[in-house]
1. Return P(r) of the protein assembly as shown (all Cα-Cα pairs; 10 Å bins starting at 0; whole %; ordered from short to long distances).
2. Quick one: if the Förster radius is 60 Å, what FRET efficiency do C:ASP3 and A:ALA139 give, using the C-beta to C-beta distance and rounding to 0.05?
3. Note down the relative contact order for chain B as a percent, whole number, built from C-alpha pairs under 8 angstrom at least six residues apart.
4. How compact and how long is chain B, expressed as Rg and Dmax of its alpha-carbon atoms in Å?
5. Running Debye on the range B:1-57 with equal point scatterers at the Cα sites and no solvent, what base-10 log of I(q)/I(0) appears at q = 0.25 Å⁻¹?
6. Using amide H atoms built 1.01 Å from N in the peptide plane, name the residues 5+ places from C:LEU197, or on other chains, whose amide H lies under 5 Å from its own.
7. Based only on Cα atoms, what Rg/Rh ratio does the range C:30-140 have, Rh being taken as Kirkwood's radius?
8. For C:SER226, what accessible surface area do you get with a 1.4 Å probe? Give it in Å², rounded to 10.
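The values are calculated or read from the model by the stated rules, or taken from the named source; none is laboratory data. Worth saying up front: this structure is predicted, and the values here are computed from it rather than measured. Glycine gets a Cβ as well: all are built from the backbone with ideal geometry, and neighbour counts include every protein chain shown. To get the accessible areas, we keep the full protein, side chains included, count just its heavy atoms, and leave off ligands, DNA and RNA. Shrake-Rupley method; radii C 1.70, N 1.55, O 1.52, S 1.80 Å.
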Amino acid sequence: MRFELLQPGSLAQALEMKKDYREGAKILAGGTDLLVLLKDGKLRAQAVMSLGRLSELNFIRSEGERGVAIGALVSHSDVAASRIIQQRCPDLAEACAQVGAAQIQNLGTLGGNLCNASPAADAAPPLLLMDALLTLASARGERRVAIHDFFLGPRRTVLEPDEILKEIFVPQPAGRRGATYLKLGRRKAMEIAIVGVGVAIHLNGSDRIVSECRIAMSSVAPTPLRARRGEAVFTNQEIRDGLIEEAAEVAAEEASPISDVRATRGYRLDMIRVLCRRAAREALARARNHKAEGWR
Amino acid sequence: MKIPVTLKVNGETYDLIIAPYRTLLDVLREEIHLTGSKKGCDAGDCGACTVLLDGKPVNACLVLAATAQDREILTIEGLARNGKLHPLQEAFVREGAVQCGFCTPGILMSLKALLDTNPAPTLEEIKIAMAGNLCRCTGYSKMFKAVESLDRSP
Amino acid sequence: MSDFYAVGKSVARVDAVTKVTGAAGYTADVMLPGMLYGKAKRSPHPHARIARIDTSRAEALPGVRAVITAADVSEVLIGLRIRDVPLLARREVRFAGEKVAAVAAVDEETALEALDLIEVEYQELPALIDVKEAMKDGALLVHENLHTYSGLPKPVKKTNVFFHETFSKGDVALGFAQADLVLEHAFTTQIVHQGYLEPHAAVVDIGPDGSVTVWSSDKVPFRVRSLMAEIIGMPITRVRVIPSFVGGDFGGKGMIFDEPLCYYLARKAGRPVKMVMSRQEEFLAASPRHPSIIRLKAGVTKAGAITAWEASALFDSGAYAAYKPQVGLGGTKKLAGTYRIPHVHIEGRYVYTHNLPCGHCRAPGDPQASFAVESFMDMIAAKLKIDPFRFRWMNALEDGDLSPTGEPWRGINIKETMSAAVEKSGWGKAKPNQHYGIGIACAERPTGTGESSAVVIVNGDGSANIISGASDPGTGARTILCQIVSEALKVPMERITINLVDTDSAPYDQGAGGGRTTFVAGQSAYRAAMEVRKELVASAAKLLKCAPEEAQELIDVRDGFLFLKSEPAKRVSYAQAVKGAGKSQIMAEETFSCNQMEDTCFATHIAEVEVDPERGYVEVKRITAAHDIGFAINPAAAEGQIEGGIVQGIGFGLLEEMQRVDGKVTNPTLTDYKLCTPREAPEIITLLIEGAPGAGPFQAKSIGELPACPIAPAVANAIFDAVGVRITDLPISGEKIVNALKESGLSGGKAVAAGKERADAV
């Protein structure tokens, strides 16, 4: 592992550098993935650009009824500990608290987790559930991309060679909503998800009518993804016996997991169903508990 | 090309000229000769290299030394003050929580960070704080006991 | 018991402060002026002919100081017993990960870059990666010249089965004829790494006179010395091994790895060289636990007596057998458990393949055997509809019985460990919830034997030193030696020093391993201390005006003073006694050697688990472990061994596996090779059962290895109790449980019902 180290002091400076170096400079946010890849020789870089000095990207900001903006460099532990996040997107806080363990959560960043584009990214399912918007910046300007369009494949995103992820915006969902993220690993910590499933349930008025359901999954396909057909099973449905099971069954059909050192495809499919059922039950319970309209 | 880096470790300032790709762990061990932080995996999986960066535990093997400039770095060598062991160190000695000792420095740093923010942790909180640190010798039991043996009065 | 002075107490370890402050020096911490960093180039293929190696581009890289291949090193084959491994692969590689070349450079980055510049042209050859294929007649031979190797118990030719051992008692055919029921089952265990946190490390410095200094993470410095001297072709006096603290062992730190390469690189470069294995190299090419295929067959009567027992084990040794200090694994002999069986026949076969070589891992062979035997005991009990505890109790050995293989054992107290564990655990109590299960397993393992020497000195100021070559890879052995000497001399612990000393300064010690240190090194230290005490008493006799022939009887010692038992107030200090003897110090050396004995140890573990049948997730809630320890010299240290063994055993049972595809390890990281984290650690109740006569000082027995043995089957039996499926292939992953539940038609809630049914039946 040998490279030139770039340490821009501001986002503007970073974008100028990225314009010059393009793919030649790999972005270092937390380092928990990048440095491991570089040490293993799985990735080579002429230059590494550390964003550590860009304190301007380290923020969690409530934008009132619109939603929450999170700087790309906020660490997992800061996301997990944030009162704003805990109140408004508890499932995201839960997901970040399940990344590795304390040391990794202190180093790793929300932006890094997304840009690394691992199919197993823990932060992806909760953000997919909330239709998060990502601000990608370059010296040419900024653009906003929906998280659904961000991932292209394992370790591949829509980021152009001169772009840097600047901010993650989480729009505020309307109504009574409950969401959760469940991660399956062999151990209780230091795990890369065998399967991760997030479910969000929206209720309108009645505790028994689901106005909307969202299901997001990780480690089950080349990218984290939404299970749209599984979601449709719930939409505008009254809760009845077998509904959750049916949705889980359909969601599993939307996955295309592989067999690898962590688990076989068959077990992953089984576990999507299990986690989906459990997450749906928990999300439903949370939604029913959510009496207030909107976020406080 | 090597670059100048100033590191603040255990309250002392070190002016160094290092390769930009060197990790904090390698620089602590080989340039500053603070070898208490251990290299067990060099990939963030074992926690033996845990140091506190601005008070928070991190894997020193996953930090480039140059990016730690101007930050407060605390290593195991800085845990005892003026020749007096930290209560955690005393508890580890007293309770028989140390066996081969290779994981011990990293675990003590993780626990120090825990106690700094939570002086009376539950067993579950202790386990969560230590979850990024592997130990093969002790089965962790005596480590839990050592933390639980500390004075928990606020 | 309570009148002991220093033993029987959980005193703080002598090296604990050094370790909690980060001051303890391990081999990788050694930094020498001008030192170079070495790295090894390894084969990506499990079996290939080396057609050509070109090192010229690596040599030309700035910063590279030396490159070596097989042509640069001795042709000697090395090994702990069977000598079959070359220092660098010569003409042929036999496993993926075998070293073919090495470089030394000014820093690690340069060394790694140089590795990429070494061009090795391989002609890939078919690889034998299946142990059963390797056993077939006419199979490709992993070692063509096997018959020329030294260390084999008897020469064998044209086979991959380099060792076949049998143990027999009685007549199994007769025994099976007497049975009402004959059961048979196969069990498989996986390849696991010892998991020590400190990777192997070595530093070699060559003096101007050619003498060699070695720092090594090896736990047996004297063996490093003899192997290095033999490789280099020097008398052992020209090799000095300086021990460092050893960061965990569990059997994996007994063989030299990069030490010889450091030597050749240092010789070529004219500078000291350090090599530290990466975690990945640890997984590709260290010396993990042998995977096994074990077949058991038992004949039983309806009433529950075992009439006959047949066992066979296949151990995949991988490409080399060099990493085992004995030819076979002690566990083979344990394949009939701790039970009274009149007719027994056991076979063990050790087979070469093109997999990575295996070695010794905490109780070599025993965890494999224990998993098979103790799972099988539960399966038989279930078939007979007898409670698993009662079935074991009915058949358990008692004092005076011969071992299952017909050997005399002293002080059998397996039943005491069983009743203690049952009493303190949830056995026989109501299940707290429907996913709960409880399982029991028993095991036995002898106290280790060997040779140790110790020097004990009482100095002119009354303080004491122990000079010992015994190693302490984290076990607490050096603390135990101090406690033993403190007890013998009645000198307070803080007045006793034991330092790490090199092979020039310490008398020979066979090193840690096999659970021998407390017994063998302990006896040598105890005896040396008692000799010193005799001389102190003799000197004090003059000062206390006691007749010399009565002195040993009439004079006692306490807190570093000597006095007449009849007149305790009148004391002579050790300092005065040393001076009175006309000496500056009083010193004694004792060698203790023992190669055979009847001393063994027993244990019973009870595991309580909760199983999530939907995910197959197993949470071990509590382990109750009763260990026959004779006498616990340091109870906290003994508990620490048990607790560590249990958590390691849970990893073996549930999590750990070096997965391989086509002979290559596919999960060589601690991300995907899963040791238990603190969050997997269960509540552990350790019960030290004292009183049985041990061979060690103060009747201590051994404790290092046995805790790792009965845990996996106890957990497996608890899983069966919880969900009604029996997994006989380790590790018991969630996936295996889920699949087994599906196959048995017991998925989800139904499985729980079946488990209950079974529990009600017993």
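1. P(r) for the protein assembly as shown, in whole percents per bin: 2, 9, 17, 22, 21, 16, 9, 4, 1, 0, 0.
2. Details: r = 82 Å, r/R0 = 1.37.
My answer for the efficiency is 0.15.
3. Reported as a whole number, the value is 23 percent.
4. 15.4, 52
5. Debye output, listed in q order: -1.15.
6. Result for C:LEU197 returns B:ARG136.
7. 1.05
8. Counting only protein heavy atoms, the figure is 50 Å².
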